Amino acid sequence: MAIPSYATPLDKLWYVTFRVLCGLIFFFLLAPILIMIPLSFNAEPYFTYTRDMLTLNPDGFSFRWYQEMFASESWMRSIRNSFLIGICATLLATTLGTLAALGLSQSQMPAKGLIMGILISPMIVPLIISAAGMFFFYSQVNLANTFLGVVLAHTALGTPFVVITVTATLVGFDHSLTRAAANLGASPALTFRKITMPLILPGVISGGLFAFITSFDEIVVVLFLAGVEQRTIPREMWSGIRESISPTILAVATVLVMISIALLTLVEMLRRRGERMRGLSPG
């Protein structure tokens with residue numbers, strides 16, 4: 001947005017200062033990523049920029065660490081585990097979170113504030129406390145060191161994101177549409193499938209994507225609950241940092257950054273689509 005013609009010198013100074021400050025903040029947040037990505041193409045097994053890299057010599061760049069990542073059985077197992085656990089946890093979290101949000105959107109729902117507080121508590125309670133509690137509980141029911149235990153734990157961590165996003169979508173929902181469908185003889189299941197679900201679908205998908213990102217990047221709970229066969233990408237990266245430093249970790253981190261950017265871009269597109277469907281922004 002351009003500076004209006006009637007702006008005072010002080011307004012113009014603040015206009016420039018504000019944008020410079022925003023640029024510095026963005027640079028501070030993005031600098032570690034911008035430094036890390038080129039290092040993942042380092043031809044040498046170092047975590048520093050070599051002379052060839054600084055001079056942009058092609059010999060200083062290589063895909064060897066990406067090839068090593070895909071050739072390593074431990075890395076590939078962790079990638080498969082991350083996607084398997086993330087997808088299963090996302091499906092469960094999306095289903096449970098959507099049902100909870102629909103229930104909380106009803107005006108006759110008692111103690112909505114208390115229930116909402118309980119549902120989003122995994123976002124508030126320190127993760128180390130949640131992980132320790134899950135470990136002691138799952139150990140008693142023989143779910144520790146199992147895929148099911150890790151999936152259920154990640155489901156508990158991802159459900160609050162679905163509840164919040166779907167609840168926000170339902171704020172502008174016109175309930176007269178469902179009442180009109182009921183008056184016309186539609187069953188509750190048909191009303192939900194034909195009217196409610198299409199309108200809240202952007203929020204449901206956004207919540208599911210946040211749940212997937214949460215599961216994909218989570219490590220504390222995995223450290224407590226997962227065994228050798230349930231190692232995920234963050235767990236493998238943590239072990240690699242402790243045991244054998246290798247630029248392969250940078251290659252994996254770069255792939256994770258690209259996946260996160262793609263998912264967040266999709267979330268933003270869904271958010272804008274949801275606003276257009278509810279008439280909050282121009283089409």
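Before moving on, here are some points about what is shown:
- Euclidean distance between Cα centres, the stretch 61-107 to the stretch 243-260, Å: 16 Å
- Over the stretch 159-255, the hull volume per residue, using the convex hull of the C-alpha atoms, is 129 Å³.
- Each Lys and Arg Cβ is given +1 and each Asp and Glu Cβ -1; about its Cα centre, the chain then shows a dipole of about 940 debye.
- Of the residues 254, 232, 265, the one whose Cα sits farthest toward the positive end of the charge dipole of the stretch 227-277, with +1 on the Cβ of Lys and Arg and -1 on the Cβ of Asp and Glu, is 265.
- Length available on full extension from residue 24 to residue 52: 0.36 nm per residue minus the Cα-Cα distance, which gives 7.2 nm.
- Taking a ≥ b ≥ c as the square roots of the eigenvalues of the Cα gyration tensor, an a/c ratio of 1.5 or more together with a/b no larger than b/c marks the stretch 1-147 as oblate.
- In summary, the helical segments of the chain meeting the span-like criteria, namely a full DSSP H run, a Cα extent along the axis of 24 angstrom or more and a mean Kyte-Doolittle hydropathy of at least 1.0, are 9-39, 147-170, 197-217, 248-277.
- Label of the coordinate-derived value, volume of the Cα convex hull per residue in Å³, listed as (1) 130; (2) 118; (3) 220: (3)
- Mean Cβ neighbour count within 10 Å, used as a protection proxy, ranking 202-213, 246-257, 29-40 highest first: 202-213, 246-257, 29-40
- Set of the stretch 118-150 residues, backbone N closer than 17 Å to the point 7 Å along the Cα-Cβ line of residue 95: 148-150
- Rounded to the nearest 20 debye, the dipole size of the stretch 140-251 about its Cα centre is 360 debye, using +1 on the Cβ of Lys and Arg and -1 on the Cβ of Asp and Glu.
- Model label sites at residue 77 and residue 16, defined 7 Å from Cα along the beta-carbon direction, differ in position by 6.0 nm.
- Here the sum of -39500 (n - 2.57) over DSSP H runs of 4 or more residues, divided by the residues of the chain, equals -23500 deg cm²/dmol at 222 nm, to the nearest 500.
- Protection proxy ranking of 122-129, 151-158, by the mean of other Cβ atoms within 10 Å over each peptide's residues and highest first, is 151-158, 122-129.
Every read-out reported here was derived from the displayed coordinates using simple, explicitly stated rules and does not represent laboratory data. What you see is a predicted model; the values in this text were computed from it and never measured. Don't worry about glycine lacking a Cβ; one is built from the backbone with ideal geometry, like all the others, and counts go over all protein chains shown.
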